[in-house]
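Colleague: Got a structure for you, written out below as C-alpha cells; questions coming shortly.
The values are calculated or read from the model by the stated rules, or taken from the named source; none is laboratory data. On a predicted model such as this, the values are computed, not experimentally measured, just so you know. Here the Cβ is made from the backbone with ideal geometry for all residues, glycine too, and neighbour counts use every protein chain on show.
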Amino acid sequence: MTGSRLLIRLAGVLVPVRHREEWAREWLAELHHAESRGTESAASLLRFARGAFDDALWHRREEWSPERLAVRGRSPAWCLGGIGAVIVSIAMVSGFLPVTRSILMPLPYRDPERIATASDGGAPLATRHAIAADSVRLWQSRSKLIEGAEAYSWKESFAKDSFGWPTRVRRAMVSENFFFLLGARSSEGRVFARDQFTSCGDCVVISYPFWRGALQGKRVTRETEVVLDERRYHVAAVLAPDFWFLSREIQVWTVAPIGSFEGQQTGVVVRLAPEVTPGDGQRELGAVIRKANGGIRGTGLIQLSPVAGRVRSVFGSFGLALVLAIVTAAGSSRLRFCRMNFRGALFFAAKTLLLLAVVFVAGLEFTRAASINMLGGADLLTEPLSTWLSLLACMGVLLWSVRDQQARCRVCLNRLGLRTRVGCPGCLLLDWAGTELVCVEGHGMLHVPEMVSSWSKSDQWTSLDESWQALFDRG
Amino acid sequence: MSDEIKLTHTSSLILQTIGGGFNYGFDIMEATGLPSGTVYPALRRLEQLGLIQSKWEKESKAAAEQRPARKYYKLTALGEISLAKAVQRYPLLQHLKGTRS
C-alpha cells in the first residue's frame, strides 16, 4: 500500500461508519486517477491524500451538528446510555456503591447465618422492642442453644476531630465480647479474642473510616486516644474496612462490661449454636426468662431475627414496592402497551430494568434503607417514608417506561417527533381529532386520538413505505 | 428558503466549475487550483444544500477502462439559480474560462 493510500485509509477511520465505504471508494478512485496520469509526483499525491483528513473531519463534524444530535438523542442507544450514565454518577458520588456492595457481599462476621438479633414481645423489630439487660446475663449463663449473647445500644455523641473541633458521631455501646461473638476482624486482619477487652477500662474500638478521618490514618499505639463527650477513651483497635453492624454510620464503639447495662433496655445480638434454628433458639431463650420470672404468663415472648436475612430483606421491601407499582400501573386506563417486536421488547426490558436499578441503588446509597432493615426502623418517620419513596419511584419508572415506549417508532425505536395536533376536538362525530407523531427516519406515523371512542380505540401506527424516504433523507 | 442560500466565493467558484462541465473531484481541483482539503468538503456541503447532485459512474464503463468507478457531480436546478445569483454577487466569476467542451 502506498503512503497516499495509507493516509486515505487512516482518514477513513474518522468518517462515520455508514458513510465510510462510499467515502473511501470515492477517494481511492480519485487517487487512482491522479496516479494513472503519471504527471503527479509522490509528494503531490501525498498532499492530495492529506486533504482526505479535512474531508473526513467535515463528516465527523456533521455527525455532531445540532440536527444530527437532535436525531441521535432520540435513539434507544442514547436512552440506555443516559440511564447508564446516571448509574455511573451514583457510583462515583457514593464512593463506588459501599452500601450496595455490603448487602451483596457476605456479611463481615464468622458464620453470619448464625448471628441473630433478639427482640421482646414477639415483634421482629429489635431496636423498637429492646430487652432488659438482666436477660442477657441470664441467657449467657443458662442457655444451651446459643453460644453467646451480647448487648448493644447507640446514641449520638460529639468527638473532637483532627483540628480539635467537636463533630457529631454515631456511637454504639457494646458489651465486652460483642466483637468476639460476631467473629469480627481488626484492620490488621486479627480476629477479636474472648475477654480481650475485659481489663480495658474506657476502651473504644473505632471504625476504619473514622480512623482515616479523625485520626488521619496514624498508627494506633497505647497512647492513642479519642475524646467523646469531653471524656478521654483509649483506642483499643481499628475495625476492618468492611465491618459494619446495625448501620455503616456508627463510627465509635465503646466497650463496657455487661454489668454497666444493668437496669437498661438494650439491643441483643446472639450467636446460635451450630444447626440450631432461630425458632428453637427463641423458644429456649423465652423459657429461660419465664423460668426466672417464676413462670409468669405473657413474659419471655422472644423473637430472633437472623441478621443476614434482615439485611437482605431490603430486596424483599423493594420487590414488594415493585409488585405494588406493577399492579397500580397495570390498572391505569391511561397506559396502553403498544405492540412490540423482539428488539422493542428487549429495549423495553433493558430500559425498565436499568431504571429500576437506578431507583434501587440510589435508595440504598442515599437513604437509610439498608440500616433500617437491620435496625428494624431507626425512627418512626424514615421507614414509612423510604417505603413510600420506593413505591412512588417504581411507579414513576414503570409509567415513564411504558409511555416512552409508546412514543417510539415501532421499527427503529427512535423517539417520534414533529408532534402535530390534527382535527377539531369539538367535532368528534364520525371525525377524528388527535395528535400525530412522525418517525424522523421516515418509518411511520403514530396517530394518538384526542378521545377514545367506539371507532377509534387507541393509538394507531401507520407504516410509511420507501416512497416517503425522500422526505426524510438527510444525506 | 432556497434564495436565502448565500455562497462563499470558493463555493461559488466550485459551483461555476461544475457548471462548466468539470464533474469529479480531481478535475475540479485542477480547474480551480484549490487543494483537495477544500474541494471535497465543499462538494459535500453543496450536495447537502441541494445545489449539486452526485452519481456513481457505471461499473461496466469503469471496468472497460480498467479503473475504479468515479463519482460525478452535476448542478441541480436550484444550483443553477444559486450560481446565477453568485455570479451577480461575484462578477469576476463570469470572466472565468475553462468550460469543458
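Colleague: Looking at (1) modelled with pLDDT of 90 or more; (2) under 30 Å from A:GLU62 (Cα atoms), which is the one condition that is false for A:ARG474?
Modeller: Only one criterion in (1) modelled with pLDDT of 90 or more; (2) under 30 Å from A:GLU62 (Cα atoms) is unmet by A:ARG474, namely (1).
Colleague: Within the range A:95-117, which residues are small (Gly, Ala, Ser) and at pLDDT below 90?
Modeller: The answer is A:GLY95, A:SER102.
Colleague: Which count do you get for residues in the range A:250-291 that are among the small types (Gly, Ala, Ser) and within 38 Å of the chain's Cα centre (by Cα)? Explain how you work it out, then say what you get.
Modeller: Pass one, the range A:250-291, residues among the small types (Gly, Ala, Ser): A:256, A:259-260, A:263, A:267, A:273, A:279, A:281, A:286-287.
Now narrow it down to the ones that are within 38 Å of the chain's Cα centre (by Cα): A:256, A:267, A:273, A:279, A:281.
Looking only at that region, the number is 5.
Colleague: Quickly run through the range A:444-470 and pick out the residues that are modelled with pLDDT under 80, outside any loop (DSSP other than H, G, I, E, B) and exposed (fewer than 12 other Cβ atoms within 10 Å of the Cβ).
Modeller: A:ALA470
Colleague: In the range A:19-61, which residue that is within 20 Å of B:TYR72 (Cα to Cα) and among the basic types (Lys, Arg) is farthest from the other protein chains (Cβ to nearest Cβ)?
Modeller: Here the residue is A:ARG20.
Colleague: Another question, if that's okay. Picking from A:LEU138, A:LEU107, A:LEU145, A:LEU97, which residue would you name as being under 18 Å from A:ARG310 (Cβ atoms) and either surrounded by fewer than 20 Cβ atoms within 10 Å (Cβ to Cβ) or of a type in the set (A, V, I, L, M) (or both)? Spell out how you get there, then give the answer.
Modeller: Numbers: A:LEU138 fails: under 18 Å from A:ARG310 (Cβ atoms); A:LEU145 fails: under 18 Å from A:ARG310 (Cβ atoms); A:LEU97 fails: under 18 Å from A:ARG310 (Cβ atoms).
After applying the criteria, what remains is A:LEU107.
Colleague: Might you let me know whether the range A:372-382 holds any residue that is in contact with an Asp or Glu (Cβ under 7 Å, 6 or more places away or on another chain), modelled with pLDDT under 60 and crowded, with 20+ Cβ neighbours inside 10 Å?
Modeller: Looking only at the range A:372-382, we keep the residues that are in contact with an Asp or Glu (Cβ under 7 Å, 6 or more places away or on another chain), and these are A:372, A:377.
Within this subset, residues satisfying the condition of being modelled with pLDDT under 60 are A:372, A:377.
Restricting the remaining residues to those that are crowded, with 20+ Cβ neighbours inside 10 Å gives A:372.
For the range A:372-382, residues in contact with an Asp or Glu (Cβ under 7 Å, 6 or more places away or on another chain), modelled with pLDDT under 60 and crowded, with 20+ Cβ neighbours inside 10 Å: present.
Colleague: Filter the range A:62-77 down to the residues that are of a type in the set (Lys, Arg) and assigned to a helix (DSSP H, G or I), then identify the one that is farthest from the other protein chains (Cβ to nearest Cβ).
Modeller: Going through the range A:62-77, the residues of a type in the set (Lys, Arg) turn out to be A:68, A:72, A:74.
If we keep only those that are assigned to a helix (DSSP H, G or I) too, we end up with A:68, A:72.
Numbers: A:ARG68: 12, A:ARG72: 17 Å.
The residue in question is A:ARG72.
Colleague: If the Cβ limit is 7 Å and pairs must be 6+ apart or interchain, which residue in the range A:226-240 that is under 12 Å from A:ILE206 (Cα atoms) and free of Cβ contacts under 8 Å to residues at least 60 places away in the same chain pairs with which residue that is among the charged types (D, E, K, R) and surrounded by 19 or more Cβ atoms within 10 Å (Cβ to Cβ)?
Modeller: That search, which allows pairs on different chains as well, returns nothing.
Colleague: Here are some residues: B:ALA42, B:ALA84. Which one is modelled with pLDDT of 90 or more, assigned to a helix (DSSP H, G or I) and buried (at least 18 other Cβ atoms within 10 Å of the Cβ)? Spell out how you get there, then give the answer.
Modeller: Values: B:ALA84 fails: buried (at least 18 other Cβ atoms within 10 Å of the Cβ).
Exactly one of B:ALA42, B:ALA84 is modelled with pLDDT of 90 or more, assigned to a helix (DSSP H, G or I) and buried (at least 18 other Cβ atoms within 10 Å of the Cβ), namely B:ALA42.
Okay, residues lined up against (1) in a helix (DSSP H, G or I); (2) under 36 Å from the mean Cα position of the chain (by Cα); (3) over 30 Å from B:PHE26 (Cβ atoms):
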site	(1), (2), (3)
A:ALA24	yes, no, no
A:GLU35	yes, no, no
A:SER44	yes, no, no
A:CYS79	yes, yes, yes
A:PRO108	no, yes, yes
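Colleague: Also: Considering B:SER54, B:SER60, B:SER36, which residue is over 15 Å from B:LEU7 (Cβ atoms), hydroxyl-bearing (Ser, Thr, Tyr) and facing chain A (nearest Cβ under 8 Å)? Step through it out loud before you land on a result.
Modeller: Working: B:SER54 fails: facing chain A (nearest Cβ under 8 Å); B:SER60 fails: facing chain A (nearest Cβ under 8 Å).
Just one listed residue meets the conditions, B:SER36.
Colleague: I'd like the residue in the range B:69-78 that is in contact (Cβ under 8 Å) with a residue 40 or more places away in the chain and either assigned to a strand (DSSP E or B) or more than 16 Å from A:LEU31 (Cα to Cα) (or both) and, out of all such residues, is farthest from the other protein chains (Cβ to nearest Cβ). Can you show your working first?
Modeller: So the first thing to find is which residues in the range B:69-78 are in contact (Cβ under 8 Å) with a residue 40 or more places away in the chain, and the list is B:70-75, B:78.
Adding the requirement that they be either assigned to a strand (DSSP E or B) or more than 16 Å from A:LEU31 (Cα to Cα) (or both) leaves B:71-75, B:78.
Details: B:LYS71: 5, B:TYR72: 10, B:TYR73: 11, B:LYS74: 15, B:LEU75: 17, B:LEU78: 14 Å.
By that ranking, first place goes to B:LEU75.
Colleague: While we're here: Among the listed residues B:GLN66, B:GLN48, which satisfies the condition of being under 28 Å from A:ASP54 (Cα atoms), within 12 Å of chain A (Cβ to nearest Cβ), loosely packed, with under 14 Cβ neighbours inside 10 Å and not basic (Lys, Arg)? Give the steps one after another, and end with the answer.
Modeller: On the way: B:GLN66 fails: under 28 Å from A:ASP54 (Cα atoms).
Exactly one of B:GLN66, B:GLN48 is under 28 Å from A:ASP54 (Cα atoms), within 12 Å of chain A (Cβ to nearest Cβ), loosely packed, with under 14 Cβ neighbours inside 10 Å and not basic (Lys, Arg), namely B:GLN48.
Colleague: Is there a residue in the range A:435-443 that is without any contact (Cβ under 8 Å) to a residue 24 or more places away in the chain, crowded, with 18+ Cβ neighbours inside 10 Å and aliphatic (A, V, I, L, M)?
Modeller: yes
Colleague: Check whether at least one residue in the range B:57-66 is modelled with pLDDT of 90 or more, in a helix (DSSP H, G or I) and among the acidic types (Asp, Glu), and report yes or no.
Modeller: yes
Colleague: Go through the range A:209-255 and count every residue that is in contact with a Lys or Arg (Cβ under 9 Å, 6 or more places away or on another chain), in a helix (DSSP H, G or I) and either of a type in the set (Gly, Ala, Ser) or crowded, with 17+ Cβ neighbours inside 10 Å (or both).
Modeller: 1
Colleague: A further question on this structure: Of everything in the range B:19-39, what is surrounded by fewer than 18 Cβ atoms within 10 Å (Cβ to Cβ) and within 17 Å of B:ILE81 (Cα to Cα)? Give them in sequence order.
Modeller: B:GLY20, B:GLY21
Colleague: Being free of Cβ contacts under 8 Å to residues at least 24 places away in the same chain and outside any loop (DSSP other than H, G, I, E, B) is the filter; apply it to the range B:1-26 and report the residue that is farthest from the other protein chains (Cβ to nearest Cβ).
Modeller: Applying the filter and picking the extreme gives B:GLU4.
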